[in-house]
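The values are calculated or read from the model by the stated rules, or taken from the named source; none is laboratory data. Just so it is clear, the model here is predicted, and its values are computed rather than measured. In this analysis, Cβ positions are derived from the backbone assuming ideal geometry, glycine residues included, and neighbour counts consider all displayed protein chains. Side chains included, ligands, DNA and RNA excluded: accessible areas come from the protein's heavy atoms. Shrake-Rupley method; radii C 1.70, N 1.55, O 1.52, S 1.80 Å.
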Amino acid sequence: MSPAPRRRSVLLATAALTAAATAPAGAATPVRHRASGPLVIGHRGAAGWRPEHTADAYTYAVRAGADWIEPDLVPTKDHVLVVRHENEIGGTTDVAGRTEFADRRTTRTVDGRAVTGWFTEDFTLRELRTLRTVERLPLVRNRNTVFDGRGRVMTFQEVIDLARRLSGESGRRIAVFPETKHPTYFRSIGLPLEEELIRVIRRNRLTARECVVQSFEPSSLHRIAAARLGLPLWQALGTSGSPYGHAVTYKDMMSPAGLREIASYAQWIGPDKSSLVPPHTLLADAHAAGLKVGAYTFRAENQYLPAGYRRSTAPNDFGDAFAEYAFHYGQGVDAVVTDFPDIAVQAREGLRR
């Protein structure tokens with residue numbers, strides 16, 4: 001065996017051992033301690049180990065020690081909130097192979113960009129229930145394709161129910177962390193996200209310990225704030241450009257004046273982790289404005305790590321993710337959004353020790 005395949009085998013074996021130690025099924029013991037240190041947020045569940053936004057992914061994340069789980073919200077044709085990374089579902093379900101839905105393939109302009117595929121807003125919930133989920137990044141996470149076809153599209157209500165069930169199982173209060181996806185677009189086609197989200201939150205009597213709402217679009221968060229739900233709000237921040245439909249740039253939003261403006265309606269900011277690396281002063285500036293900071297998105301593969309943390313030239317091999325967590329934990333972030341919550345929790349345990 002050549003050195004490169006041997007190294008890859010060792011890395012994959014290490015990943016397999018980590019997965020076995022925290023897997024939802026079998027002899028694994030769920031993590032029961034409360035968080036001490038930065039919060040760990042399971043990005044779409046545990047997207048590094050299971051197809052994203054599935055019950056398996058969310059369960060894995062919580063049993064690995066995640067404090068919050070993140071569902072991205074998009075609506076169905078009959079205005080039910082379901083959880084998908086995007087409203088285009090050709091890459092996250094088996095719809096492309098379903099001949100009965102072949103005529104639903106279309107092109108839509110979403111946030112100013114033409115997208116071709118199948119869209120949740122063209123399906124009723126009953127129709128979406130017939131689809132099965134698949135791994136979104138099969139070339140990156142081939143191991144996850146073994147779970148293709150085993151999950152179904154979940155509603156936001158089902159994620160809430162699952163979080164409460166897992167809270168009871170783990171003895172920890174697990175929060176849901178919904179994101180309103182493309183809210184301006186959905187409002188423009190008569191399927192506004194905020195009103196339905198507010199209704200579900202009220203129906204479930206979600207508290208500040210059980211739900212934090214996030215969006216990249218300030219106008220979406222202002223609508224949530226106006227409902228006076230008493231929930232923390234999280235302003236997500238991109239690395240360039242502007243939130244769709246807004247004149248303000250992300251650069252301006254991350255200035256001291258911009259952060260003070262965010263603090264008038266939100267309690268958190270969620271910047272890309274690269275925005276927190278010196279010489280950037282965003283972390284200190286945000287804390288000075290009274291905001292908490294949760295960085296996204298932490299992954300283990302080399303291609304998603306800074307060059308100094310990569311362990312090989314193979315983009316999908318695992319690099320030194322622990323070192324990246326240690327750096328950001330040491331800088332003082334309040335939360336990390338991660339595809340690999342088990343690794344983030346182990347890194348946090350190292351920080352505590």
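Would you pick out the residues in the range 200-240 that are in contact (Cβ under 8 Å) with a residue 60 or more places away in the chain and touching a Ser or Thr at 6+ places or on another chain (Cβ under 7 Å)?
If the condition is that a residue be in contact (Cβ under 8 Å) with a residue 60 or more places away in the chain and touching a Ser or Thr at 6+ places or on another chain (Cβ under 7 Å), then A236 is the only one that fits.
Out of L166, L162, L139, report the one residue that is hydrophobic (A, V, I, L, M, F, W, C), over 15 Å from V80 (Cα atoms), in contact with a Phe, Trp or Tyr (Cβ under 7 Å, 6 or more places away or on another chain) and touching a residue at least 12 places away in the same chain (Cβ under 8 Å).
Result: L162 is the single residue among L166, L162, L139 that is hydrophobic (A, V, I, L, M, F, W, C), over 15 Å from V80 (Cα atoms), in contact with a Phe, Trp or Tyr (Cβ under 7 Å, 6 or more places away or on another chain) and touching a residue at least 12 places away in the same chain (Cβ under 8 Å).
Please specify each residue of the range 168-185 satisfying the condition of being farther than 20 Å from L233 by Cα and crowded, with 16+ Cβ neighbours inside 10 Å.
S170, R172, Y185
What is the number of the single condition among (1) more than 17 Å from V212 (Cα to Cα); (2) modelled with pLDDT of 95 or more; (3) touching a Phe, Trp or Tyr at 6+ places or on another chain (Cβ under 9 Å) that H85 does not meet?
The single condition H85 does not satisfy is (3).
Hey, any hits in the range 221-238 for a residue that's among the β-branched types (V, I, T) and open to solvent by less than 20 Å² (accessible area, probe 1.4 Å)?
For the range 221-238, residues among the β-branched types (V, I, T) and open to solvent by less than 20 Å² (accessible area, probe 1.4 Å): present.
Could you list all residues from the range 257-311 that are over 21 Å from the mean Cα position of the chain (by Cα), open to solvent by less than 70 Å² (accessible area, probe 1.4 Å) and hydroxyl-bearing (S, T, Y)?
Hits for the range 257-311 are Y265, Y309.
Taking R150 as the residue in question, decide whether it is over 30 Å from W49 (Cβ atoms) and of a type in the set (K, R).
So R150 does not fit the description; no.
If we keep just the residues of the range 162-191 that are over 18 Å from A55 (Cα atoms) and aliphatic (A, V, I, L, M), which is farthest from the chain's Cα centre (by Cα)?
I189
Using the structure shown, decide if A307 is farther than 26 Å from R353 by Cβ and touching a Lys or Arg at 6+ places or on another chain (Cβ under 8 Å).
So A307 does not fit the description; no.
Would you mind stating whether F216 is within 16 Å of the chain's Cα centre (by Cα), open to solvent by 40 Å² or more (accessible area, probe 1.4 Å) and within 25 Å of Q267 (Cα to Cα)?
yes
Looking at the range 95-110, I want the residues that are under 16 Å from T76 (Cα atoms) and aromatic (F, W, Y) and have a partner that is open to solvent by less than 80 Å² (accessible area, probe 1.4 Å) and modelled with pLDDT of 95 or more with Cβ atoms under 6 Å, at least 6 apart or on another chain. Which pairs are those?
Going by the 6 Å Cβ cut-off, the qualifying pairs are F101/V95.
Out of all the residues in the range 312-334, which are open to solvent by 50 Å² or more (accessible area, probe 1.4 Å) and assigned to a loop (DSSP other than H, G, I, E, B)?
T313, P315
Quickly run through the range 186-197 and pick out the residues that are touching a residue at least 24 places away in the same chain (Cβ under 8 Å) and either surrounded by 17 or more Cβ atoms within 10 Å (Cβ to Cβ) or under 20 Å from V248 (Cβ atoms) (or both).
F186, L191, L193, E194, E196, L197
Within the group R136, R150, R126, which residue is in a helix (DSSP H, G or I) and either within 12 Å of I89 (Cβ to Cβ) or basic (K, R) (or both)?
Just a single option satisfies the conditions, and that option is R126.
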